[in-house]
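The values are calculated or read from the model by the stated rules, or taken from the named source; none is laboratory data. Keep in mind it's a predicted model, so treat the numbers as computed, not measured. All Cβ positions, even for glycine, are placed from backbone atoms using ideal geometry, and neighbour counts span all protein chains on display. Note: areas computed on protein heavy atoms with side chains; ligands, DNA, RNA excluded. Shrake-Rupley method; radii C 1.70, N 1.55, O 1.52, S 1.80 Å.
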Amino acid sequence: MDYTNKSPEEVLKSVFGYDSFRLLQKDIISNVLAKKDTLAIMPTGGGKSLCYQIPALIFEGITVVVSPLISLMQDQVAALNAAGVKAVFLNSTVEWEDYKDSMNSIRRGETKLLYVAPETLVTSKINDLLHDSRVTVSCITIDEAHCVSEWGHDFRPDYLEISALRSQFKDAVFLALTATATLSVREDIIKNLRLKNPAVLVSSFDRPNIFLDVRQKNRNALDQVVECIRRHRDESGIIYCFSKRQVDELTEKLDKLGYSVLNYHAGLRDEVRADHQTKFIRDQVQIMVATLAFGMGIDKPNVRFVIHYDMPKSLEQYYQEIGRAGRDGLESEALLLYSAGDIHKIRYLFSEAADKERCERLLQGMISYATGRTCRRKLLLSYFGENYEGKNERCCDLCDMGPMPEIDMTIPCQKFMSCIIRTGSRFGAAYVIDVLLGSRNKRILENGHNMVSTWGIGRELDKNQWHELANLLIEKNFVTKYGDYNILMLTNDGLAALKNRDKIMLPFNLPKNASGAAASSDLQAEGTFSPKYRASVGSAGGMMFPKPEKKKPAWSQAARHSEFISESQKTGFVLHKKEVDFGDDDEAKRIQAELKKWRKRKAEEMNVPPYVIFGDKTLNDIAAKKPRTETALFDVHGLGEKKVEKFGAEILEIVGEE
């Protein structure tokens, strides 16, 4: 079908079966259609692909999508073809005859989207194809655009070659997409891709459907993993481990316990790794235990839990990986297990890095998140420069426990803020803390900061606790950070509090015998060591974490069925319960069960993942609405014209006549 004269809304409904855009999607699509270069930062699962797929159908010619993820290309092409859109991918996995057929299809103008890897893009075959007189390149989309930046967490030199296309295809609009990009990375993307006066659109990083849970790793961390898996019976999940050995050991243990599980890491043969990923994507195996490289190239929408068996090295990495969960907007869980041993392993890995200071800053951001005392979502979003104002009690494990008692932290706060001033407000938290702890490292001695009055006066707290205090002062707007190196300086509120010697109360667990704000007896009187918030010190190397009273977790089997719907006005994300309660509607339950079986059979026949047929939200919507006619099927979420034409008769047969 020709969509060149259709509006984006018409294409959205007729092809993809959706009634409305998420807020930022419409703005991005409008810019692209106006041929204005655009950089868009949207969360994983936020609907980035529609931002180039819809313009591709409206534009004459072809849209080229550059992606480093071969499996993601395959999934997206399969989903587009199922929706009636002609799309192809060209890479080293494609047989030569199929490769030639795809190129000829592009030359004939039959294909609307071409997916290529950056290394494929620069080959002579693709170069000749795109410069063929019969081919018009209307749009060039760069997915995972942070890979072009050395400041990014996943820099790939091949991405630097993409900029050459700017001068070769002057009439094509460029769209750069990524899920995470700090200000430095955004500037790099614009410069390295040679974007022309681009619109920069930044969505909320919030994923309200993901419950954030952080726990100290027990001696038997397997029990913590199994507890999470049991909360998600018969559901898909990913478990990330630090090393190949850990992956294999944990996979073996879970397999012996009877779980459907496979491993994934670079030590496996390519064909084995590909087979394991395919089985996971197609719901033939429930759990994938993997090293950190897994998951970036999958478009599987029904991953219900992501477990970090070890602490990631940065919040960027953590955010990308938990983004594998709940891409369909249904409620999901991210569990992080951490220990002091994780921190030692990460520091050992970057001990020889060229920029050890940057590595340490990234790690401290991760440590602050794991050991924080306030809302995890608020801490996570603030890291990406976003202010979270939500009040969702199921937001994270800390919010689920309720407010944490505050104690008098005036003296440690005065020490920290004074040290910022004494060192000239020119350094980040790590440097200020080293001065407070009396470090004699070369940089401090060269700057003469071993002679300032605040040198060595902060030994009542350890390094991690000082970082936690720094985060609380930033959150309370006494301190702010700026620039690529997160330099600290006092705000007007901080200067006033220091000058007036104001009392500062913070939700902080101070160890017994700590000097500074109060004696241990006073701290206990304030409730710091109440049963709900006991400090867990020692085994984690000085890190402390609030240990909740024993109570039913917010995401227990019982709580999971309670009403849970909220909306983010910035992303347009609507959070839906993953399990629809049809109550006494036995007919809806029958339809839901039969549709699941039919979808699995149909996916096997077509050799595609089940979600290519349609996702869980569509399945639940059919069961709830019970459409009896083809016309009624168009009111179902996620059913476009091609899918109604292709699957409608079988769906109606399952639903049955009135």
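Listed values, structure above:
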quantity	calculated
Residues within segment 473-500 that are within 17 Å of R373 (Cα to Cα) and surrounded by fewer than 21 Cβ atoms within 10 Å (Cβ to Cβ), tallied	4
R233 being assigned to a loop (DSSP other than H, G, I, E, B), open to solvent by less than 50 Å² (accessible area, probe 1.4 Å) and within 17 Å of E333 (Cβ to Cβ)	no
Number of the condition not met by R358 [criteria: (1) out of contact with any Gly (no Cβ under 6 Å at 6 or more places or on another chain); (2) within 23 Å of K617 (Cα to Cα); (3) among the charged types (D, E, K, R)]	(2)
Scan of segment 352-383 for residues that are part of a loop (DSSP other than H, G, I, E, B) and either under 20 Å from P208 (Cα atoms) or among the β-branched types (V, I, T) (or both), ordered by number	G372, R373, T374, C375
Residues that are farther than 21 Å from V15 by Cβ and either open to solvent by less than 10 Å² (accessible area, probe 1.4 Å) or touching a residue at least 24 places away in the same chain (Cβ under 8 Å) (or both), drawn from segment 605-651	N620, A623, A624, K626, R628
Scan of segment 78-105 for residues that are charged (D, E, K, R) and either under 15 Å from V608 (Cα atoms) or touching a helix residue (DSSP H, G or I) at 6+ places or on another chain (Cβ under 9 Å) (or both), ordered by number	K86
Residue that is over 30 Å from E331 (Cα atoms), at pLDDT 95 or above and in contact with an Asp or Glu (Cβ under 7 Å, 6 or more places away or on another chain), where the choices are I457, I444	I444
Scan of segment 185-200 for residues that are open to solvent by 10 Å² or more (accessible area, probe 1.4 Å) and assigned to a helix (DSSP H, G or I), ordered by number	R186, E187, D188, I190, K191, N192
Hey, A293 open to solvent by 10 Å² or more (accessible area, probe 1.4 Å), part of a loop (DSSP other than H, G, I, E, B) and at pLDDT below 90 or not	yes
Which listed residue is part of a helix (DSSP H, G or I), open to solvent by less than 40 Å² (accessible area, probe 1.4 Å), of a type outside the set (S, T, Y) and in contact (Cβ under 8 Å) with a residue 12 or more places away in the chain, from V225, V214	V225
Residue in segment 446-458 that is closer than 20 Å to T371 by Cα and in contact (Cβ under 8 Å) with a residue 12 or more places away in the chain present	yes
Some residue of segment 165-184 being in a loop (DSSP other than H, G, I, E, B), modelled with pLDDT under 95 and basic (K, R)	yes
Criterion (within 20 Å of Y159 (Cβ to Cβ), open to solvent by less than 60 Å² (accessible area, probe 1.4 Å) and either in a strand (DSSP E or B) or hydrophobic (A, V, I, L, M, F, W, C) (or both)) met by exactly one of L24, L80, L39	L39
Odd one out for K345, checked against (1) over 22 Å from T180 (Cβ atoms); (2) open to solvent by less than 10 Å² (accessible area, probe 1.4 Å)	(2)
Among residues of segment 49-77, those that are closer than 18 Å to F614 by Cα and either acidic (D, E) or open to solvent by 20 Å² or more (accessible area, probe 1.4 Å) (or both), counted	3
Evaluation of M417 against (1) open to solvent by 20 Å² or more (accessible area, probe 1.4 Å); (2) at pLDDT 95 or above; (3) outside any loop (DSSP other than H, G, I, E, B) (one fails), failing number	(1)
Enumeration of residues in segment 60-71 that are modelled with pLDDT under 95 and closer than 23 Å to N197 by Cβ	G61, V66
Selected residue (criterion: surrounded by the fewest Cβ atoms within 10 Å (Cβ to Cβ)) from residues of segment 420-445 that are without any contact (Cβ under 8 Å) to a residue 40 or more places away in the chain and farther than 21 Å from L363 by Cβ	R440
Residue check, F21 under 22 Å from the mean Cα position of the chain (by Cα) and in contact (Cβ under 8 Å) with a residue 40 or more places away in the chain	yes
Options K13, K6: the member that is in a loop (DSSP other than H, G, I, E, B) and modelled with pLDDT of 90 or more	K6
Condition check for T141: assigned to a helix (DSSP H, G or I), within 34 Å of the chain's Cα centre (by Cα), buried (at least 16 other Cβ atoms within 10 Å of the Cβ) and not acidic (D, E)	no
Residue within segment 383-400 that is more than 24 Å from S184 (Cβ to Cβ), out of contact with any strand residue (DSSP E or B) (no Cβ under 6 Å at 6 or more places or on another chain), without any contact (Cβ under 8 Å) to a residue 40 or more places away in the chain and surrounded by 19 or more Cβ atoms within 10 Å (Cβ to Cβ) present	yes
Any chance E110 is part of a helix (DSSP H, G or I) and surrounded by fewer than 18 Cβ atoms within 10 Å (Cβ to Cβ)	no
Selection within segment 414-430 - of a type in the set (S, T, N, Q) and over 12 Å from I444 (Cβ atoms)	Q414, S418, S425
Among the residues listed as D283, D328, D299, the single one being in a loop (DSSP other than H, G, I, E, B), at pLDDT 90 or above, in contact with a helix residue (DSSP H, G or I) (Cβ under 8 Å, 6 or more places away or on another chain) and open to solvent by 10 Å² or more (accessible area, probe 1.4 Å)	D283
Residue that is closer than 24 Å to D328 by Cα and of a type in the set (D, E, K, R), where the choices are R219, R207, R245, R215	R207
Qualifying positions in segment 239-275 - farther than 29 Å from A340 by Cα and either acidic (D, E) or assigned to a helix (DSSP H, G or I) (or both)	D270, E271, V272, R273, A274, D275
Unmet criterion (only one of (1) without any contact (Cβ under 8 Å) to a residue 40 or more places away in the chain; (2) over 19 Å from the mean Cα position of the chain (by Cα)) for C375	(2)
Helices (runs of 4 or more DSSP H) enclosed by segment 420-491 - at least 1 residues per element that are closer than 15 Å to S382 by Cβ and touching a Leu at 6+ places or on another chain (Cβ under 9 Å)	429-436, 463-475
